[in-house]
Amino acid sequence: MRIRSKVAALASVAVAASWLIASAAPASAAGECGAGYVKAGDYQIGSLGSLEVYYNSAKGKNCAITRATKPRSGFKQVAIGLAGKVWSDVDEGTYTYYAGPVYVSARGQCIDVRGYIGKAVVMKRGVHCG
């Protein structure tokens with residue numbers, strides 16, 4: 001009887017632990033931009049990856065990331081700013097997965113975004129106005 005109760009106790013602990021692990025959100029669940037950001041745009045950079053734009057309506061901020069389709073070390077850049085102004089935030093370097101995140105406060109305004117992977121580039125001007 002003692003062995004059965006120990007086994008039952010261990011089984012209930014295992015079930016509880018697996019429930020806690022399954023219900024816990026991974027650290028990256030909020031995404032690279034953080035909690036509250038939703039995808040507002042996704043622009044292809046050739047076949048190499050994409051420039052992703054996110055918006056947080058509570059903060060009035062946009063976020064951008066340049067993400068490679070396949071993990072490969074190389075030059076990546078992402079830039080963001082208010083439309084027609086200088087880039088307010090830029091991240092670039094030799095990265096394997098992505099460059100960014102970069103941010104700009106743009107409630108009620110349009111933004112410019114740019115993403116590079118290697119020598120391939122995509123640039124969008126005057127987008128995501130709001």
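General observations
- The range 121-130, residues that are of a type in the set (Val, Ile, Thr) and open to solvent by less than 50 Å² (accessible area, probe 1.4 Å): Val122, Val127
- Looking only at the range 34-53, and only at residues there that are in contact (Cβ under 8 Å) with a residue 24 or more places away in the chain and under 11 Å from the mean Cα position of the chain (by Cα), the one that is farthest from Lys124 (Cα to Cα): Gly34
- From the list Gly130, Gly115, Gly93, Gly81, the one residue that fits, being part of a loop (DSSP other than H, G, I, E, B) and over 13 Å from Tyr37 (Cβ atoms), is Gly130.
- Residues (farther than 16 Å from Ile45 by Cβ, open to solvent by 30 Å² or more (accessible area, probe 1.4 Å) and in contact with an Asp or Glu (Cβ under 8 Å, 6 or more places away or on another chain)) located in the range 102-120: Tyr103
- Residue within the range 80-95 that is in contact (Cβ under 8 Å) with a residue 60 or more places away in the chain and open to solvent by 60 Å² or more (accessible area, probe 1.4 Å) present: no
- Subset of the range 61-76 (residues that are surrounded by fewer than 19 Cβ atoms within 10 Å (Cβ to Cβ) and either more than 17 Å from the chain's Cα centre (by Cα) or of a type outside the set (D, E, K, R) (or both)): Thr69, Pro71, Arg72, Ser73, Gly74, Phe75
The values are calculated or read from the model by the stated rules, or taken from the named source; none is laboratory data. All values derive from a computational prediction rather than experimental measurement. Reconstructed Cβ throughout: ideal geometry from the backbone, glycine too, with neighbour counts over all protein chains shown. In case anyone asks, the SASA skips ligands and DNA or RNA and just uses the protein heavy atoms, side chains included. Shrake-Rupley method; radii C 1.70, N 1.55, O 1.52, S 1.80 Å.
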